[in-house]
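Undergrad: The structure is given below, and queries will be raised subsequently.
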Amino acid sequence: MEAVSATMKAINFPATSTVPRATVSITVASPWSQTKLNMLTFYAPNPNTRSSSICLPRCSTKPNTDTNNETDQNPTFEPNPSLTTENPSSAVSDEVIPSSSNPPSSLSRGLVLDLGPVGSWDCTDIGSPVVKRFLSDEEERWYMWYHGVSTDSQGSDSIGLAVSSNGVHWERGKGAVKSSADVGLVMSCGNDWWAFDTLSIRPGEVVIMSSAKVRASSAVYWLYYTGYSNEKVDISADSLGFKVQNPENQSSQTGEVLRSLPGLAISQDGRHWARIEGEHHSGALFDVGSEGDWDPLFISSPQVVFHGNGDLRMYYHSFDVGNGVFSIGMARSRDGMKWIKLGKIMGGGPKGCFDELGAMNPYVVKNKKDGNYVMAYEGVGADGRRSIGLAMSAEGLKDWRRVEDEAVLKLATMEDGWDSKGIGSPCLVEMDGDVDEWRLYYRGIGNSGRCGIGMAVSDGSDITRFRRWKGFQV
């Protein structure tokens with residue numbers, strides 16, 4: 001496929017959740033060379049050909065002419081915590097459904113987002129929260145991307161968006177978004193038969209960055225997600241005492257393991273997405289490991305951290321058959337699209353610990369106060385039960401150490417609690433401003449497999465102690 005000129009035909013994002021798939025063509029000798037990328041071209045398929053070029057609305061690509069600057073004076077990427085979106089309006093559509101504003105009871109303590117109403121896109125299952133907080137002089141805004149399942153989706157996950165002014169009370173949509181100020185379903189499974197994400201998709205991370213390769217009037221959202229296909233993976237784990245699943249589905253007892261790979265989509269408003277086709281033939285960013293590697297079955301829950309200029313780091317999990325535990329691995333990239341695996345960085349904990357059978361669903365944050373890296377992860381106990389643990393690292397590479405032998409957030413003690421059967425899929429948010437605390441969003445499982453999204457808060461700046469949210473202090 002030939003690269004095209006820098007002047008490209010623009011297309012508008014669709015007003016529904018049908019998302020175009022784009023191919024990324026990158027001219028680069030090595031992802032770790034000091035030579036900067038020469039060209040970034042987007043391609044979108046149409047019924048006749050897959051070589052029609054596109055770019056983001058009000059966004060263009062520009063070849064980098066400074067190819068000999070080894071010091072890389074101009075960063076390839078810049079993180080944008082102070083986000084300026086194309087359409088920052090707080091107006092919402094008539095389909096918006098507010099969450100309950102009542103303080104949680106003892107049975108629902110910590111619950112901030114329940115299942116959607118009957119008939120909505122997320123009425124049977126929700127999880128995988130990815131929460132971002134944006135502060136400005138005028139307002140405080142919270143975005144939560146999460147997966148959901150409807151009654152007529154045949155068990156397939158989609159990705160949606162909810163918004164909030166305080167991170168507790170959320171506004172959600174019943175159906176697909178229709179505008180850049182709307183909330184609800186924002187991305188469905190891929191339609192291409194050859195793609196890696198035709199069965200289910202779940203969000204892993206949303207990174208807000210400006211890139212010299214993608215010029216836009218504002219920062220661009222980069223969504224890293226897990227895509228699942230119909231390909232089943234054979235695994236013999238009967239001796240574990242529980243069923244290995246991928247994706248995790250508490251309502252299913254089949255122990256079905258499906259092939260999954262990491263994907264990327266980009267957006268100008270966090271609602272209308274264009275898939276970016278990776279190097280793998282299925283459109284994924286990279287493949288599972290070879291026979292004998294620790295991750296030959298699937299790649300799940302990709303979470304990306306901006307470390308510095310030309311250094312992005314992806315954390316993900318798989319099941320290490322050789323050792324019989326869920327494990328967390330890492331990959332590294334200079335451009336956010338071409339990745340090099342670095343291997344496994346964390347496996348199972350000591351015998352008898354809450355994570356004896358492994359760690360999964362990692363979420364890594366760089367502590368703004370001391371510069372250390374903090375990882376919240378889902379620990380798997382010997383009985384298959386899940387809870388949330390913490391690990392820390394000075395460099396965020398392979399020097400991870402568990403904070404304690406105990407989970408920082410355990411199952412609810414009340415038998416009928418909404419999260420009494422399992423908790424996981426953590427997402428950490430370090431609060432800025434006057435509030436010196438951390439928030440931990442997570443997926444909870446209750447009786448009969450009913451799911452919800454909860455929130456716990458740290459004991460001040462002590463990130464090793466969390467308690468479920470009980471309501472605002474007056």
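Undergrad: Would you mind getting me the FRET efficiency between Arg465 and Asn367? Use the beta-carbon distance for r and R0 = 22 Å, nearest 0.05.
TA: Rounded to the nearest 0.05, the efficiency is 0.90.
Undergrad: Return the FRET efficiency for the residue pair Asp416, His281: r is the Cβ-Cβ distance, R0 is 56 Å, and the value is rounded to the nearest 0.05.
TA: Efficiency for this residue pair is about 0.70.
Undergrad: Each label point is 7 Å from the Cα along the Cα-to-Cβ direction; what then is the distance between the points at Glu356 and Ser136, in nm?
TA: Output for this residue pair reads 5.2 nm.
Undergrad: Where Lys and Arg each count +1 and Asp and Glu each count -1, what net charge lies around Asn230 among other residues with Cβ under 12 Å from its Cβ?
TA: -1
Undergrad: Quick one: accessible surface of Leu258, probe radius 1.4 Å, all protein chains present, in square angstrom to the nearest 10.
TA: Estimated to the nearest 10 Å², Leu258 gives 10 Å².
Undergrad: With a 1.4 Å probe and all protein chains kept in place, how much accessible area does Arg172 have, in Å² rounded to the nearest 10?
TA: Its heavy atoms expose roughly 10 Å² to the probe.
Undergrad: Now, a different point. Could you give each residue of region 137-151 its phi-based ³J(HN,Hα) in whole Hz, using Karplus coefficients 6.51, -1.76, 1.60 with θ = phi - 60°, and x for Gly or Pro?
TA: The phi angles translate into 5, 9, 7, 10, 10, 10, 10, 10, 8, 7, 9, x, 10, 9, 6 Hz.
Undergrad: In nanometres, what is the gap between the two model label sites at Val96 and Asp192, each 7 Å from Cα along Cα-to-Cβ?
TA: 3.5 nm
Undergrad: Using the Karplus curve 6.51 cos²θ - 1.76 cosθ + 1.60 with θ = phi - 60°, work out ³J(HN,Hα) for each residue of region 420-430 in order, rounded to whole Hz, and write x for Gly and Pro.
TA: In residue order, the calculated couplings are 8, 9, x, 9, x, 6, x, 9, 8, 10, 8 Hz.
Undergrad: Another question about this same structure. Work through the residues other than Gly155 whose Cβ is under 12 Å from its Cβ and net out their charges, Lys, Arg +1 and Asp, Glu -1.
TA: -4
Undergrad: Under 14 Å from the Cβ of Asn323, count the other residues' Cβ atoms, weight Lys and Arg +1, Asp and Glu -1, and hand me the total.
TA: -3
Undergrad: Between Gln154 and Ser179, what is the FRET efficiency for a Förster distance of 22 Å, r being their Cβ-Cβ separation, to the nearest 0.05?
TA: Between Gln154 and Ser179 the formula returns 0.20.
Undergrad: Which cross-chain or sequence-distant (5 or more) residues have an amide H under 5 Å from the amide H of Ile345, H modelled 1.01 Å from N in plane?
TA: Amide H neighbours of Ile345, under 5 Å, 5+ apart: Ile328, Gly329, Met330.
Undergrad: So, taking all protein chains as they sit and a 1.4 Å probe, how much accessible area belongs to Lys174, in Å² rounded to tens?
TA: Counting only protein heavy atoms, Lys174 exposes about 80 Å² to solvent.
Undergrad: Which length gain, in nm to one decimal place, applies between Ile235 and Asp434 when the Cα-Cα distance is subtracted from 0.36 nm times their residue separation?
TA: 66.7 nm
Undergrad: A further question on this structure: For region 399-474, which GluC sites (Glu not before Pro) are both in a DSSP coil and crowded by at most 11 other Cβ atoms within 10 Å?
TA: Filter output for region 399-474: Glu415.
Undergrad: For region 324-336, take each phi angle, set θ = phi - 60°, evaluate the Karplus expression 6.51 cos²θ - 1.76 cosθ + 1.60, and give the result in whole Hz per residue in order, putting x for glycine and proline.
TA: Result, ordered by residue: x, 9, 5, 9, 10, x, 9, 9, 9, 8, 9, 10, x Hz.
The values are calculated or read from the model by the stated rules, or taken from the named source; none is laboratory data. It should be emphasised that the depicted structure is a prediction, and the values quoted were computed from it without experimental measurement. Using ideal geometry, Cβ is built from the backbone for each residue, glycine included, and neighbour counts are taken over all protein chains shown. Each accessible area value is taken on the protein alone, full model and side chains, heavy atoms only, with ligands, DNA and RNA left out. Shrake-Rupley method; radii C 1.70, N 1.55, O 1.52, S 1.80 Å.
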